[in-house]
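Here the structure comes first, spelled out in structure tokens, and everything after it is commentary.
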Amino acid sequence: MNNPAPLTSRDTLYIAGMWSEDSDRAWIEVENPVTEDVIGRVPSATNADVDRAVTAAVDLHRRGGWRDIGISERAKALSALADGIERRASDFEALYTLDQGGLAAFANFTAAAAAAIFRDTASLAQQIDLGPTRRDTTTGSVYVSREPVGPVAAIVPWNAPLVLAAVKIAPALLAGCPVIVKISPETPLVSFVLAEVFAEAGLPEGLISFLPGGRDLGRYLISRPGIGHISFTGSTAAGQQVMATAAERMTRVTLELGGKSAALVLDDAEPEQFAPLLAAGCTVQSGQVCTTQSRLLVPARNGKQWLDALTQAFDNLPVGDPADPSTAVGPLVSRAQLDRVESFVETARQEGATVLTGGGKPAGAPFEHGYWYLPTLLTGTNSTMQVNREEVFGPVITVETYEDLDAGIEAVNDTEFGLSNGIYTSDIDRALSIAPRLESGAVAINSAGPNVTAPFGGLKMSGLGREGGIEGVEAFLETKQVNLPASS
């Protein structure tokens with residue numbers, strides 16, 4: 001298609017199904033984390049834009065302009081959107097590398113995953129009965145139906161702007177809800193391409209809006225009357241604020257929050273075989289993933305062998321230009337993120353940790369600019385240290401030993417978080433027997449993360465509710481009874 005604007009600079013926002021230009025808006029400068037150069041700019045949405053988006057969404061919902069077309073027709077629209085995402089895959093992939101520093105080797109996954117989320121969600125229409133269904137009980141008869149909760153405020157973080165937008169938008173739309181998407185200012189570019197996909201789809205006015213902006217914009221959006229559900233992905237601290245705001249109006253929430261995931265390596269796993277797998281999985285997107293397995297727990301009986309194998313595997317990870325297909329670790333997203341990672345490692349050193357490898361910026365001319373940090377492996381840590389208690393969001397991994405399986409499981413669960421954990425073993429049946437003992441919403445066997453089209457969410461301080469699968473759609477539905485007169 002002919003793009004209405006260059007991919008890295010935009011002057012309009014997609015609000016309530018229309019492109020809107022306003023000279024009074026401020027601008028968000030978009031930075032390339034490889035070079036630190038400003039590569040473009042996009043408008044920053046205002047509170048007035050939020051008002052317009054919410055008003056249009058509420059109007060559409062009350063008129064039944066999306067709800068009343070039926071779930072089968074909504075599913076067809078989702079399938080068409082999946083096709084549109086696939087047609088624009090090369091643009092999504094280019095922007096993933098440009099404004100986020102994401103790896104070219106991983107970029108194609110983001111577009112494919114987003115399309116899969118829309119397509120898989122569409123397929124759920126055949127499994128969801130919205131009713132009305134008659135129920136005859138000892139106290140009378142009722143019709144029970146499930147109805148869309150209303151306009152959804154979807155707060156999308158910077159680290160996975162396409163996939164996490166998809167996992168919020170698709171189920172809400174299938175349920176019959178309009179959506180207002182608040183986009184992070186750190187990585188806003190992909191949202192404009194996604195908006196173009198929606199614009200081409202010919203959907204009703206008011207159905208969707210994409211609003212780039214910071215925390216104040218998000219706070220204003222979730223506080224607006226008319227919002228029926230808040231779907232938020234971000235830090236636990238921010239999630240607590242969202243929950244407090246939602247409580248004022250009893251707004252429904254789905255919260256996918258922070259994690260401090262562990263990889264429990266069983267005693268049958270061979271270091272030479274599994275160390276490269278662990279190193280690659282722990283440093284996906286330079287560790288800027290909520291499910292990063294940042295705590296490695298290995299058997300004490302061959303702990304030295306594991307330390308040697310992991311150090312070698314981390315040293316073998318190529319750091320460099322994310323556009324190069326051979327690169328395994330790219331830059332962090334921003335100066336603020338680099339400062340955060342450096343602070344965590346320095347604090348760990350002061351608390352007694354030993355840096356086995358990494359622990360700083362790479363040397364050499366290619367790394368004079370940009371937000372680089374070497375894959376870092378720490379040992380000599382314990383569960384009381386900051387690096388093991390808080391989410392780093394960088395390529396910083398601790399490795400500790402455990403004496404027996406019970407001790408290993410106890411170490412996995414010794415955290416306030418419960419998002420996702422991993423089990424590494426050559427015995428899948430054994431892993432399946434251990435998985436129920438791990439206090440997390442997801443467990444990955446011999447892999448680094450969850451399935452993006454299955455129900456996913458956290459326990460403990462890692463959140464409330466589930467995204468993905470039928471459970472993800474049901475989050476946007478409310479149950480209603482219509483009580484029949486006694487003679488019916």
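The values are calculated or read from the model by the stated rules, or taken from the named source; none is laboratory data. These figures come from a predicted structure and were not determined experimentally. Neighbour counts run over all protein chains shown; Cβ positions are idealised from the backbone, glycine included.
How many of the residues in segment 329-366 are within 28 Å of the chain's Cα centre (by Cα) and within 21 Å of VAL38 (Cβ to Cβ)? Within segment 329-366, residues that are within 28 Å of the chain's Cα centre (by Cα) and within 21 Å of VAL38 (Cβ to Cβ) number 10.
Among the residues that make up segment 441-451, is at least one of them within 30 Å of PRO331 (Cα to Cα), at pLDDT 95 or above, surrounded by fewer than 20 Cβ atoms within 10 Å (Cβ to Cβ) and hydroxyl-bearing (Ser, Thr, Tyr)? Yes; the residues of segment 441-451 include at least one that is within 30 Å of PRO331 (Cα to Cα), at pLDDT 95 or above, surrounded by fewer than 20 Cβ atoms within 10 Å (Cβ to Cβ) and hydroxyl-bearing (Ser, Thr, Tyr). Checking segment 111-128 against the condition returns no match, with no residue being out of contact with any His (no Cβ under 7 Å at 6 or more places or on another chain), modelled with pLDDT under 95 and aromatic (Phe, Trp, Tyr). Among the candidates VAL345, VAL333, VAL399, VAL387, the residue that is assigned to a strand (DSSP E or B) and outside the structural domain of GLU186 (by TED's automatic domain parsing) is uniquely VAL399.
Remark: LEU356 falls outside the filter, which requires a residue to be within 27 Å of LEU257 (Cβ to Cβ), crowded, with 17+ Cβ neighbours inside 10 Å and among the aliphatic types (A, V, I, L, M). Scanning segment 180-218 for residues that are of a type in the set (D, E, K, R) and within 19 Å of the chain's Cα centre (by Cα) yields LYS182, GLU186, ARG215. Of all residues in segment 445-462, those being among the hydrophobic types (A, V, I, L, M, F, W, C), free of Cβ contacts under 8 Å to residues at least 40 places away in the same chain and farther than 19 Å from ALA111 by Cα number 1.
Scanning segment 40-63 for residues that are farther than 22 Å from PRO204 by Cβ and not in a helix (DSSP H, G or I) turns up GLY40, ARG41, VAL42, PRO43, SER44, THR46. Residues that are touching a strand residue (DSSP E or B) at 6+ places or on another chain (Cβ under 6 Å), free of Cβ contacts under 8 Å to residues at least 24 places away in the same chain and either surrounded by fewer than 23 Cβ atoms within 10 Å (Cβ to Cβ) or in a helix (DSSP H, G or I) (or both) do occur in segment 359-368. Of the residues making up segment 451-488, those that are outside any loop (DSSP other than H, G, I, E, B) and within 19 Å of GLY234 (Cβ to Cβ) are PHE456, LEU459, LYS460, GLY463, LEU464, GLU467, GLY472. Summed over segment 296-327, residues that are over 30 Å from ILE409 (Cβ atoms), surrounded by 15 or more Cβ atoms within 10 Å (Cβ to Cβ) and not acidic (Asp, Glu) total 5. The requirement of being assigned to a helix (DSSP H, G or I), outside the structural domain of ALA336 (by TED's automatic domain parsing), free of Cβ contacts under 8 Å to residues at least 24 places away in the same chain and buried (at least 19 other Cβ atoms within 10 Å of the Cβ) is not satisfied by ALA247. Output the residue which, of all residues in segment 64-76 that are of a type outside the set (Ser, Thr, Tyr) and part of a helix (DSSP H, G or I), is surrounded by the fewest Cβ atoms within 10 Å (Cβ to Cβ). Among those residues, the one meeting the criterion is ASP68.
Please verify whether THR401 is at pLDDT 95 or above, crowded, with 19+ Cβ neighbours inside 10 Å and farther than 26 Å from TYR96 by Cβ, treating the condition exactly as stated. When the stated conditions are applied, THR401 passes them. At least 2 residues being in contact with a Leu (Cβ under 8 Å, 6 or more places away or on another chain) and surrounded by fewer than 24 Cβ atoms within 10 Å (Cβ to Cβ) is the threshold, and among the strands (runs of 3 or more DSSP E) wholly inside segment 123-220 those reaching it are 140-148. The requirement of being over 30 Å from VAL149 (Cα atoms), part of a loop (DSSP other than H, G, I, E, B), modelled with pLDDT under 95 and of a type outside the set (Phe, Trp, Tyr) is satisfied by ALA323. Restricting LEU266, LEU207 to those that are touching a Ser or Thr at 6+ places or on another chain (Cβ under 8 Å) and more than 23 Å from PHE456 (Cα to Cα) reduces the list to LEU266. Residues that are part of a helix (DSSP H, G or I) and of a type in the set (Gly, Ala, Ser) within segment 266-318 comprise ALA275, ALA279, ALA280, GLY281, SER286, GLY287, ALA300, GLY303, ALA309, ALA313, listed in sequence order. Could you tell me which of the residues ILE409, ILE423, ILE434 is touching a helix residue (DSSP H, G or I) at 6+ places or on another chain (Cβ under 6 Å), part of a helix (DSSP H, G or I) and not basic (Lys, Arg)? On inspection, the qualifying residue turns out to be ILE409.
I'd like the full set of residues that are assigned to a helix (DSSP H, G or I), in contact (Cβ under 8 Å) with a residue 60 or more places away in the chain and either at positive phi or not charged (D, E, K, R) (or both), limited to segment 88-106. If the condition is that a residue be assigned to a helix (DSSP H, G or I), in contact (Cβ under 8 Å) with a residue 60 or more places away in the chain and either at positive phi or not charged (D, E, K, R) (or both), then PHE92, ALA94, LEU95, TYR96, THR97, LEU98, GLN100, ALA104, ALA105, PHE106 are the ones that fit. The single condition from (1) over 30 Å from SER145 (Cα atoms); (2) within 27 Å of the chain's Cα centre (by Cα) that ASP24 fails is (2).
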